[in-house]
Amino acid sequence: MLSQLKRLSIEADGRYATDADLAFLKSYLQSVRQRISAYEKIRDAEEAIMDQADETIMAVDPKVFHKGSQDYSQTCRRDRKNTLRYTAAAMLFNDLDHLRDGLLLWLRTIVHAVKDEHASTLTWQEMPAILREHLTAEEADLMMPALHLNQALLR
């Protein structure tokens, strides 16, 4: 949304925006209440979501957050929380460009550098189902594009 507004302000400089130019804004405004509701639910249930993610991911692989004898569960949880926060903000503002460019490309480099692809893949594979338990179907649908971007870039 913010990226699109910025583009529109540049492209429409000195002229009126066309109906096609304004389509994204009309669409966004129709979903803004659901976006705010979804964002607030994720914000308020963040710890429960993280607990559920830990439980689900470790049920698949109990040592997923270990490297040798070192347990990196807390570091991974912190990173998942931050990524979820950015993802929820991207959904709120309907701005996947900012999510991709502002966090995910950098985080993908880190994930590959520390060889955490398995943990990252499991996390973002399981997160949609976890969030569907905390959101209405319509709210969850608004989160899916950002979650799919996470899945695509953080594996």
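Brief remarks follow.
- Total formal charge among the other residues, if their Cβ is under 14 angstrom from that of Thr18, Lys/Arg +1 and Asp/Glu -1: -1
- Couplings for the range 122-129, taken from phi via the Karplus curve 6.51 cos²θ - 1.76 cosθ + 1.60 with θ = phi - 60°, read 4, 4, 7, 6, 8, 4, x, 5 Hz in order; Gly and Pro are left as x.
- Taking the C-alpha atoms only, the angle from helix 19-44 to the longest principal axis of the chain is near 30 degrees.
- Rounded to whole Hz, the Karplus (6.51, -1.76, 1.60) HN-Hα couplings of the range 72-80, x for glycine and proline: 9, 4, 5, 5, 5, 4, 4, 5, 5
- Each listed q (0.11, 0.18 Å⁻¹) maps to a log10 I(q)/I(0) for the range 32-153, found by the Debye formula over equal Cα scatterers with no solvent: -0.34, -0.92.
- Estimated distance in nm for a label pair at Asp97 and Glu55, the labels positioned 7 Å out from Cα along Cα-to-Cβ: 4.0 nm
- Cα-based reach from Lys41 at 21 Å (exclusive), listing lysines while leaving out same-chain residues under 8 positions away: Lys81
- Summed over qualifying helices (DSSP H, 4 residues or more, each -39500 (n - 2.57)) and divided by its residue number, the chain shows a 222 nm mean residue ellipticity of -25000 deg cm²/dmol.
- Sequence-distant aspartates and glutamates (8 or more away, or on other chains) whose Cα lies within less than 15 Å of Lys6: Asp21, Asp95, Asp97
- Sorted by Cβ neighbour density within 10 Å, fewest at the top, the residues Ile57, Ile36: Ile36, Ile57
- In plain terms, the residue of Thr75, Thr18, Thr123 with the fewest other Cβ atoms within 10 Å comes first and the most crowded comes last, giving Thr18, Thr75, Thr123.
Values in this text are rule-based calculations from the coordinates and carry no lab data. This one's a predicted model, so the numbers in the text were calculated from it and none came from an experiment. When we count neighbours, we look across all protein chains shown, and the Cβ atoms used for this are built from the backbone with ideal geometry, even at glycine.
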